[in-house]
Structure formats: structure tokens, C-alpha cells
Amino acid sequence: MARPTQPRRRRTTRDIEDLPNLFDSVEIDMTRHDIAGEVIDRERTRQRARTAADASDQSIEINTEALKRPEAIRFMSFGSGSSGNCAYIGTKRAGLLIDAGVDGKFVEKSLKDNGIDPASIAGILLTHDHSDHVRFAYQLLRSNKHFLLYCTPRSLSGLLRRHSISRRIKDYHKPIYKEITFEAAGFSITAFETSHDGSDNMGFAINRGKHHFVVATDTGIITERADHYMQQANYIMLESNYDRRMLMNGRYPEYLKARVAGDRGHLDNVDAAAYVRGLLAGGPVPALTHVFLCHLSEENNTPEIAMREMRRAIEETGRTVGDASGSPVSRAADIQIAALPRFAVSPLYIFR
């Protein structure tokens, strides 16, 4: 027997005004299909959480320090020789002067001309108390009151004893001691013994990150401690004071010739070049990239003679030599050499 048919219900219509607007709150009747979908989504979320937990047990450590680009350091000289010595070393944020034997106004102007604010300089590293290294120290300190004077107590005593300098320079003194490392302008600095006839003589090993800069000026011989630090150096500022033949045949009196050539005097071209040759020949020293010849005598030397002697010595070790000019040919060389100008500002060298 056929089942009785149910009368079809007529589909009701709603006026358009009764339909919900876009921003009306609408209650949604969740169907069986919607509930199943929600269950599936919850399960997927749990799976993702379990996967993330498993991955955390297999994490890879990333050395973010290795990804950082090493900070460049900058170096320039404002004059090098018995007429006056002063140089700058620093980073983009801070720096130091090495000696103060050049007019302070000239130094400040040269810094600004190269985009370096004197306010970023922490102070002056003093190698010893001779006039050509300290003559303008108090002038620089007085006009830049934030500067400190980094030297040993013996150097300061010698400076006050030898020169007519205000005793108020002591207000700026920051005592340092040889072989005891200190921090200044973001650099780690160690003073070491040199052989000269000042009250207390020193060179400096100036380090920051991968950069190792060594200053060894006004020394009659390469001391054991100077050698220790130069073996680790990327950049060396080394005295190459005189040509022996020019000195001996020149017009200096005999006592002065003996003083210059003595163990507590100055380093000549041949000895400076022989030292660098031995440094390179003694074993692989891939770190050394620049040699700056400093404190050249106006009377008994020329940049050409000093450079020729150093170039010959380095080439004897099989290395190629550039002139530190930054040209493509020069950059391709193993080691750069330059003679720092006696009276003029050198280029601003940037080491990356």
C-alpha cells in the first residue's frame, strides 16, 4: 500500500528589509558538517604543536657574532719626524691621538677635514717626553677638556722637568704602566718597552677585534717586547729614521751622530728593513698587511731611500709590495708600505 504523501510546504520568503545587513550580529546555526570541520581543525592544531615541540629538540645554534661585519679602524698622521709627531687611530665612534708634537689647531682642523669630530677623541697616548712628541700636549688638552693624557708617572715627571709646561697638565693625567693592558676609546692597549733616551720610553700595541696595530718609534734597537707585539700585528708604525751613509757623511757633530746611531737613539733604514724581513722570513705571518715608516730624518734620510730599502727587504721574502695608494695594482700586493710625511697630513687609511 502506498504511503500517503505529505503536502509540500511552501517556501516562505522574507522581505529584503528582514535580511541581515553586513554589520549586523548574526547567530549561526552550526551544522554537523561545521562541527566535523572544527574537530579536524583542532586535530591539525595539535599536530602542528607536536611538530614544533619535536623541532625544538633539534634546534640549530646560529653564531650571530660571526655574521656581524667587523668594525673598520682608521689611521692618519699629522706629521712625523724631529719637527713634530702626532697621529690618530680610531673607529667611527671614538679614537685616540698618538703623541702631541704637532700644533693642536692644525690637528683639529685636519681631523674635521676628514670627517672626524675632536669630541670623539678620548685622549693622547704619549710615547715619551721629548719635545717633538709633547710640545702641544697642554694646548690640545686645554682646548679639549674631555681629553686624557695616557702616560706613565715617570713620563709625566720627565715632561714637567724637561719642558716649560703648566703643571695643571697633571689634571688630565691617566696613569698607565708597561705590560698592563688598559681600555680607551674602545681599544685594548698595552704599552711596552722601547730603547731611547727619554725619561720613560714606550711603544703601544693597540687592539680592537681582529685589528692589531703596533707603534714602535724612537728606538735604537728592536726590544724583545716590541718584537713580541709586532709578531702579532696587522699594521706596524715603525721608525726608519736615517740612512747611515748620509748620517756619517753629514754635518752633525760627532757626539750627535753617536747619539742617533746608538742603541738608545734611533733605528736606521737598514735595521728597520732587516727586522721586517726577519719577521716575515721567520715563519708564515699572513696577518701583516701594512708597514708605515715613521720619524724619517729631514737631514739624514729621504722617503725614497727608506721605501726602497724596505721594499727590497720584503720582496726578498717572496712577498709583493704595494704603495698603500689604494690603486687596484697596489691592493693586489701582499704588503703595503708608506713613508709618513714629515710636515703634512697623510691620507686617511681605513682598515676593514
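Run down Y275, Y235, Y229, Y252 and say which single residue is out of contact with any strand residue (DSSP E or B) (no Cβ under 6 Å at 6 or more places or on another chain) and closer than 22 Å to F351 by Cβ.
Y275
Every residue in the range 132-181 that is basic (K, R) and surrounded by fewer than 21 Cβ atoms within 10 Å (Cβ to Cβ), please.
Passing the criteria: R142, K145, R154, R161, R162, R167, R168, K170, K174, K178.
Taking the condition in a strand (DSSP E or B) and of a type in the set (F, W, Y), does Y150 pass?
Judged against the criteria, Y150 is a match.
I need every pair where a residue in the range 75-93 that is among the basic types (K, R) has its Cβ under 9 Å from the Cβ of a residue that is surrounded by fewer than 24 Cβ atoms within 10 Å (Cβ to Cβ), sequence separation at least 6 or different chains.
Taking only residues 6 or more apart or on different chains, the pairs are K92/E71; K92/A72; K92/R74; K92/S120; R93/E71; R93/S120; R93/A185; R93/G186.
Of everything in the range 79-108, what is of a type in the set (D, E) and either open to solvent by less than 20 Å² (accessible area, probe 1.4 Å) or farther than 11 Å from R135 by Cβ (or both)? Give them in sequence order.
D99, E108
With the requirement that a residue be among the hydroxyl-bearing types (S, T, Y) and crowded, with 21+ Cβ neighbours inside 10 Å, what does the range 191-226 give you?
T194, T217, T219
Against the condition free of Cβ contacts under 8 Å to residues at least 24 places away in the same chain, of a type outside the set (D, E, K, R) and surrounded by fewer than 17 Cβ atoms within 10 Å (Cβ to Cβ), how does L111 come out, does it pass?
No: the conditions fail for L111.
Hey, can you tell me all the residues within the range 158-190 that are touching a residue at least 60 places away in the same chain (Cβ under 8 Å) and within 24 Å of T223 (Cβ to Cβ)? Even if it seems obvious, please write down each step before you answer.
Taking the range 158-190 and keeping what is touching a residue at least 60 places away in the same chain (Cβ under 8 Å), we get 184-187, 189.
Within the range 158-190, A184, F187, I189 meet the criteria.
If we keep just the residues of the range 114-128 that are outside any strand (DSSP E or B) and in contact with a strand residue (DSSP E or B) (Cβ under 8 Å, 6 or more places away or on another chain), which is farthest from S199 (Cα to Cα)?
So in the range 114-128, the residues outside any strand (DSSP E or B) come out as 114-120, 126-128.
Those still in the list that are in contact with a strand residue (DSSP E or B) (Cβ under 8 Å, 6 or more places away or on another chain) too: 114, 116, 120, 126-128.
Details: N114: 34, I116: 32, S120: 30, L126: 12, T127: 10, H128: 7 Å.
Looking at residues that are outside any strand (DSSP E or B) and in contact with a strand residue (DSSP E or B) (Cβ under 8 Å, 6 or more places away or on another chain), I get N114.
From L156, L96, L111, L141, which residue is touching a strand residue (DSSP E or B) at 6+ places or on another chain (Cβ under 8 Å), assigned to a helix (DSSP H, G or I), closer than 23 Å to V291 by Cα and modelled with pLDDT of 95 or more?
Answer to the check: L111.
Pick out, from the range 160-233, the strands (runs of 3 or more DSSP E) lying fully within it that include 2 or more residues that are more than 20 Å from L141 (Cβ to Cβ).
Counting at least 2 such residues, we get 187-193, 202-208, 211-216.
The values are calculated or read from the model by the stated rules, or taken from the named source; none is laboratory data. Just so you know, these numbers come straight off a predicted model, no measurement behind them. Cβ coordinates were reconstructed from backbone atoms using ideal geometry, including for glycine residues, and neighbour counts include every protein chain displayed. The area values use the complete protein model at the heavy-atom level, side chains included, leaving out ligands, DNA and RNA. Shrake-Rupley method; radii C 1.70, N 1.55, O 1.52, S 1.80 Å.
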